[in-house]
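To keep things clear, I will list the structure first and then write my remarks on it.
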Amino acid sequence: MARKPKISLVLADVDGTLVNEDKVLTKRAQTAVESLRGAGIRFAITSGRPPKGMAMLFDDLRLDTPIAGFNGGLFVKPDLSIIEQKTLPPDVAIKAIELIRAHGLDAWVYRGNDWLITKPGAPHVAREAWTVKFEPKVVANFEGMLDGVAKIVGISDDLEKVRLCEADAQSAFGDRATATRSQPYYLDVTHKDANKGAVADYLSSHLGVPSEEIATLGDQPNDVLMFKRSGFSIAMGNASDQVKAQASATTDSYNDEGFAKAIERYILGTID
């Protein structure tokens, strides 16, 4: 078993990590979080989802820590009141839409509490609405709506197109924006300081927990940034080999209670 430092806070990604393939928080996962609380260890979540799209988890997890939506673009309290937000510069938002479309991807815009789309029947819209438990607003185009944007998403089931778009976006924006895949079919473009590494830093400062006492769990390339800002990191069994290689330890898949097992094995030490 990988050796871990003292852990005072666990920070987990949601999709592909905390919840299973059916977007369900299992009873074992819920119990694992409760066991953390019993051990005096705090728990926090971060996701590319809007905070409103994680609200169904707040009560079950009894969260009392800031919730980081949009990969850290928006921090809210459990009552969804805003603590802090970071939005894209309008010129970056415009360029992001152009670049996403040039690569043949569909585009979504998250602005305030609104999720804006132009194609209601496009891939992943229905699934995303089911996941986040609210419907998007359909607009003819995004003209005049690209100020105050928290996140822009490029979507395609052609995963190579998404990968290439990610590389080109990172090259185009440099340090002006963060562009990473939150799922193989989603490219998230957010404020330069809206990334999961910055989430770990924010929680460290806000909660007074040294970064070396934070454990992080995730499955996607955008989770690696928080791996690097924590004392102990755990990659899910469903993560790619590249993501696993950058974690302190690996657990089982999200469909085989990987989150709960990680907490039990590596944080609480209740299973071998």
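Helical content alone sets the calculated 222 nm signal of the chain at -8500 deg cm²/dmol, taking -39,500 (n - 2.57) per DSSP H segment of four or more residues and averaging over every residue. With a cut-off of 11 Å between beta carbons, the residues surrounding Met226 carry a summed charge of 0, where Lys and Arg count +1 and Asp and Glu -1.
Give the relative contact order (percent, whole number) for the stretch 1-65; include only Cα pairs under 8 Å separated by 6+ residues. About 39 percent, as a whole number.
Using only side-chain charges placed at the Cβ, +1 for Lys and Arg and -1 for Asp and Glu, the dipole size of the stretch 121-263 relative to its Cα centre rounds to 140 debye.
Between the Cα long axis of helix 27-38 and the first principal axis of the chain there is an angle of about 60°, rounded to the nearest 10. For the chain, the longest principal axis of the alpha carbon atoms and the long axis of helix 196-207 meet at an angle near 50°.
Between Ser211, Phe173, Ile271, the Cα set farthest toward the positive side of the dipole of the stretch 153-272 (charges on each charged residue's Cβ, about the Cα centre) is that of Phe173.
Of the whole protein surface, Ser205 contributes about 100 Å² of accessible area at a 1.4 Å probe radius.
What is the extension gain from Lys119 to Thr31, computed as 0.36 nm multiplied by their sequence separation minus the C-alpha to C-alpha distance, in nm to one decimal?
Details: separation 88, 0.36 × 88 = 31.68 nm, distance 3.96 nm.
Taking 0.36 nm per residue and subtracting the Cα distance, the gain is 27.7 nm.
For the stretch 1-114, the relative contact order is 18 percent, taking Cα pairs closer than 8 Å that sit 6 or more residues apart in sequence and dividing their mean separation by the residue count.
Sequence gap at least 6, Cα distance under 8 Å: using those rules, report the relative contact order of the stretch 110-220 to the nearest whole percent. Relative contact order, the stretch 110-220: 20 percent. Taking the longest Cα principal axis of the chain as reference, the axis of helix 159-173 is set at about 80 degrees.
Output the antiparallel fraction of DSSP beta bridges having both residues in the chain, as a percent to the nearest 5. The partial results should precede the final answer.
Working: 26 of 45 bridges.
Here the share of antiparallel DSSP bridges comes out near 60 percent.
The values are calculated or read from the model by the stated rules, or taken from the named source; none is laboratory data. This is a predicted model, so every value here is computed, not measured. Positions of Cβ are generated from backbone atoms using ideal geometry, with glycine treated the same way; all protein chains shown enter the neighbour counts. Ligands, DNA and RNA are excluded from the accessible area calculation, which covers all protein heavy atoms including side chains. Shrake-Rupley method; radii C 1.70, N 1.55, O 1.52, S 1.80 Å.
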